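Have a look at the structure below before the remarks.
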Amino acid sequence: MNNAISRRRFLEQLGLAVAVAQAPGWARGADAPPAKQLGVALVGLGNYSTRQLGPALRETKFCKLAGVVTGSREKGEQWARDYGFSPKSIYSYDTIARMADDPAIDIAYVVTPNGLHAEHAIAVAKAGKHVIMEKPMCNTVAECDAVLAACKAAKVRHSIGYRLFWDPYHAELRRLAREQEFGAFKQMKGDRGFVMSTWRWRADKKLAGGGPLMDLGIYLIQGACMAKNGAAPAFVTARELPKTRPDISRDTEETLQWTMEWPGGASAEFTTSYQQNFDHFRAEAPKGWIDFKEHAFGYKVGAVETSRGPLQYPAPNQQALQMDDFAQCVETGRATPVPGEMGRRDLAIIEAIYRAAASGRREAVKTT
Ligand code: NAD
């Protein structure tokens, strides 16, 4: 495939062919910046902000890094120097409300531990800024509802950092689900995990909301819902496996296996773990299949095959595309493909899975 064709195919995969002008420079082959770049403030300067979102904001065309919220003034000043924004736009977690008077900031992106997302997102909304929240949206559906209500009251937009919506392989999964070239997907299986060698907040019930299901299993839930055109499963079952490192997974699961069932007979079987390295996803339909054989949910998705043969697409900067898309949504009023309601749907599924693991029974998913 030559470059022009692969670029066009890639844009088609993303469903963005009609919006080529909105794609970032690398995709549309032009350098002209838009009239206005919206200002983004990162709330929490940990690993994901430092290694992915900050660098991605150097590649975005429709938004740029304009401020930070951090517990360390010194760190904030270093970021202001590195990214060239005003030190006036450095905030602490206690001064988010003051963002209301900061014209440099249009959007704040909450990248703190899961258990703090609701508090920080509500503070951002009350300051009148649009909100992006990292996954999982919150610890509970009730917290998601509080965030959605705060955004509605403040008339600000919301979205979730579901970066894989801007990955071309996942776009192909959604296209296959939508156009049903293989028929409707009936069976899914997959796993996602990594080996956590020392305790981190990700294994803390209060800060993380749960264990690997919250952090990693949510990707499998996302993949399965993509394969089912956004529909949540009706029922789930789940079981927790014995812990091999109870010193790490103290009050949360270490490894969890669960099933999901959709009306009409589709089902999924998944495993997530903090003591195994894996990252796979496969969806089968009556006339074909798609198999994510490596790094199924990674920043660079690798080795994806279908029953028709291997797929090969360019690897985009998912985070840059995701943030540019939200900036465009804010500017144009267009709906985001990853709204807070989707984050809430996934928490409803997660809550059902935890209920099923505790009860040992098949549990209904309550999305409303
Ligand atoms: P991290 O631990 O590296 O960073 C968390 C940040 O929150 C730190 O700057 C920390 O100082 C700050 N913080 C504020 N209050 C805190 C408190 N009470 N306890 C602990 N930290 C506190 O974590 P991370 O890997 O950057 O993850 C942050 C969020 O981003 C999580 O919700 C995670 O699920 C999400 N994430 C998403 C992706 C993705 O691919 N979409 C990847 C990594 C992380």
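Simple point charges give the picture: +1 on the Cβ of Lys and Arg, -1 on the Cβ of Asp and Glu, and for segment 153-282 a dipole about the Cα centre of about 380 debye. The ranking of V330, V69 from fewest to most other beta carbons within 10 Å of each one's beta carbon is V330, V69.
Over segment 228-368, what per residue volume does the convex hull of the Cα atoms give, in whole Å³?
165 Å³
In this calculation the C-beta distance from E261 to K205 is compared with R0 = 22 Å, giving a FRET efficiency of 0.20.
Of the GluC sites (Glu not before Pro) found in segment 229-258, none is in coil by DSSP with at most 11 other Cβ atoms within 10 Å of its Cβ.
Run the numbers on the chain and let me know its relative contact order in percent, using alpha-carbon pairs under 8 Å that are six or more apart.
This gives 18 percent for the chain.
In a Debye calculation with equal point scatterers on the alpha-carbon sites of the chain and no solvent, what is log10 I(q)/I(0) at q = 0.07, 0.10, 0.14 Å⁻¹? Log10 of I(q)/I(0), two decimals: -0.30, -0.62, -1.24. Legend: helices of the chain (whole DSSP H runs) are marked when their alpha-carbon atoms reach 24 angstrom or more along the helix axis and their mean Kyte-Doolittle hydropathy is at least -0.5; marked are 340-359. Computed log10 I(q)/I(0) for segment 273-332 at 0.15, 0.23, 0.26 Å⁻¹: -0.64, -0.93, -1.01, from the Debye equation with unit scatterers placed on every C-alpha and solvent omitted.
Hey, could you get me the Stokes-Einstein D for segment 174-285, Kirkwood radius over alpha-carbon pairs, 20 °C and 1.002 mPa s, rounded to whole µm² s⁻¹? Result for D is 147 µm²/s. Taking the Cα centre of the chain as origin and assigning +1 to Lys and Arg Cβ atoms and -1 to Asp and Glu Cβ atoms, the resulting dipole is close to 360 debye.
For T332, T244, which order do you get if you count the other beta carbons within 10 Å of each Cβ and list the fewest first?
Values: T332 10, T244 13.
With the fewest neighbours first, T332, T244 line up as T332, T244.
Calculated over segment 163-239, the projected area of the Cα convex hull averaged across directions stands at 6.6 nm². Add -39500 (n - 2.57) for each DSSP H run of 4 or more in the chain, then divide by its residues: what number comes out at 222 nm, to the nearest 500 deg cm²/dmol? Roughly -9500 deg cm²/dmol at 222 nm, from the helical runs in the chain. Looking at segment 40-89, the pairs of alpha carbons with a distance over 15 Å make up 35% of the total. Here the Kirkwood formula, the inverse mean of 1/r across different C-alpha pairs, assigns segment 230-270 a hydrodynamic radius of 11.8 Å. Give the residue list of trypsin sites (Lys or Arg not before Pro) in segment 254-330 that are DSSP loop and have at most 11 other beta-carbon atoms within 10 angstrom. When the trypsin sites (Lys or Arg not before Pro) of segment 254-330 are filtered for loop state and at most 11 Cβ neighbours within 10 Å, K287, K300, R308 remain.
All of the numbers you see were taken from the coordinates with simple rules; none came from a lab. Keep in mind that what you see is a predicted model, and the values were worked out from it rather than measured. Methodologically, a virtual Cβ is constructed for each residue, glycine included, from the backbone with ideal geometry; neighbour enumeration extends over all protein chains shown.
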